[in-house]
Amino acid sequence: MKHMTEEELIAYKEGVAAQRAVIAQHLAACEECRAELERIETVLAALDSLPVPNPGDDYGRHVWQQIAPRLPERPARWWQEWFEPRRLSALGAVAALIVVAFLFGRYSRDRRTPDTSASTEQIRERVLIVAVGDHLSRSEMFLVELSNAQPNLSSEKLVNISAEQRRAEDLLEENRLYRQTALQEGDKVMASTLDELERFLLDVANSPDEITSAQLEKIRQKIEARGILFKVRVVGRELQERQKATTPAPAQNDSTKVERNKA
Amino acid sequence: MIRMQPSVESTQTIADSDAVAVERTLAGDRDAFRVLVERHSHNVFRLAYRMTRNRPDAEEVVQEAFLRAYQKLGKFEARANFGTWVYRIAANYAIDRMRQRKKEEARKVEPAVREEGMENDPVALVHDAAPTPERLAHNIELRKQMEIALAALSYSERTAFVMRHWEGCAIEEIAAVLKSSSGAAKNTVFRAVQKLRLALQPFVGRGAQARAIGTES
């Protein structure tokens, strides 16, 4: 009889198992798995006994008293959020991307013969390919640096990875955006690679600031075991190929452009 | 003329649901927001305490969550689910607070395991009104180990575990807080439980032994 994995039993216990009925059926027949589930439940039951202090019956009123003086007269309307400094910088980035797309389109149209005009869709795709390609090459560099880290396993000293965490956080923001775009576009391979990359980046971003050499070694091993670096490289190379294919060949003679401008 | 402050009870009749309270707040009735604060504070505190593992941080998270909710209320669309929404805001802020706290604690040589509330600790009192010294010692040790094991989880693991195991949140809710896919959120719950199990199984096993010794004596 094939037993349930620990992951399946935990998912069952936490109510997130995909095949709940199948697991329940197996548990009814398998004493070994029932015993394993009981061991998991014992640990969780111990954790359940950790106390949460009662903040008191009038806690809600206390919270209100604390926050009421700090509340603005009215909640902000949705459009006011667009003028927050953080939003303004994001808007700036989007505007810059649109300008790049516009200039890129114009530049490539200028270099083409007059009868072949690129559609907006193609330009958009090219910009996206360049942006995702850039994101993947920066992620690859990040993974390579982490993979090549040589922690001194004998040392008890903690390693500060706050700089790597910041990089992971930056990459994470972009990664989410590109993963969602890939999903919308139906690019399953890209979406799945970005999903795996995202999980790893999340792990790094949410690690403690200072970790032991052994923990750093674990991170390094995780990159190898999951083959993330390899997948990122493969998808990155594919994008480079697509970029080459969608970028029109340079004009034979730049003098054409000069002549046209003169005209 | 003395203007009477509207009581929570009188506004309750107007705002008998979160959706109405949100609408009224947006229309400029601040007391409607008070109803929401009073209604959801306890739940948000429980979540915040379980995530931060200390009361001052949990209280800060609660206040900040409601402040942020008020500021962003104009953007809130699913108006019937204010509780879920403020929960999500609180979980996000709790993660920020844990990160901040970690930096502060990094300066200390040894992280102190909080003894707060030990006198009322159900773990210490469980199974026996007059525990034997062995069992009491074990319970104190187990409590300490549980705090250490929870503190050793990454922020996303702790968030996923608290939200799923203790708060019963849907995987989609957890994924929204972690800004990950549902699959990744599910995997984070699994990793959290696996790590907790690995850290605590030996102590829980010893508990059975201690109970046996306690029964014999």
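Key figures
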quantity	calculated
The listed residue being away from every other protein chain (no Cβ under 12 Å), out of contact with any Leu (no Cβ under 7 Å at 6 or more places or on another chain) and at pLDDT below 90, out of B:R88, B:R79	B:R79
Hey, B:L142 at pLDDT below 90, farther than 27 Å from A:E198 by Cα and not acidic (D, E) or not	yes
Criterion: under 16 Å from B:M51 (Cα atoms) and assigned to a helix (DSSP H, G or I) - qualifying residue of B:A192, B:A176, B:A199	B:A192
Residues that are among the small types (G, A, S) and out of contact with any His (no Cβ under 7 Å at 6 or more places or on another chain), drawn from region B:31-88	B:A32, B:S41, B:A48, B:A58, B:A65, B:A69, B:G74, B:A78, B:A80
Residues located in region B:39-73, provided they are under 16 Å from B:R101 (Cα atoms), of a type outside the set (A, V, I, L, M) and in contact (Cβ under 8 Å) with a residue 40 or more places away in the chain	B:R50, B:T52, B:R53, B:N54, B:R55, B:D57
From the options A:E210, A:E173, residue that is out of contact with any Leu (no Cβ under 9 Å at 6 or more places or on another chain) and within 17 Å of B:S156 (Cα to Cα)	A:E173
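The values are calculated or read from the model by the stated rules, or taken from the named source; none is laboratory data. Bear in mind that the values here come from a model prediction, so they are computed numbers and not experimental data. Every residue, glycine among them, receives a Cβ derived from its backbone with ideal geometry; neighbour counts consider all protein chains shown.
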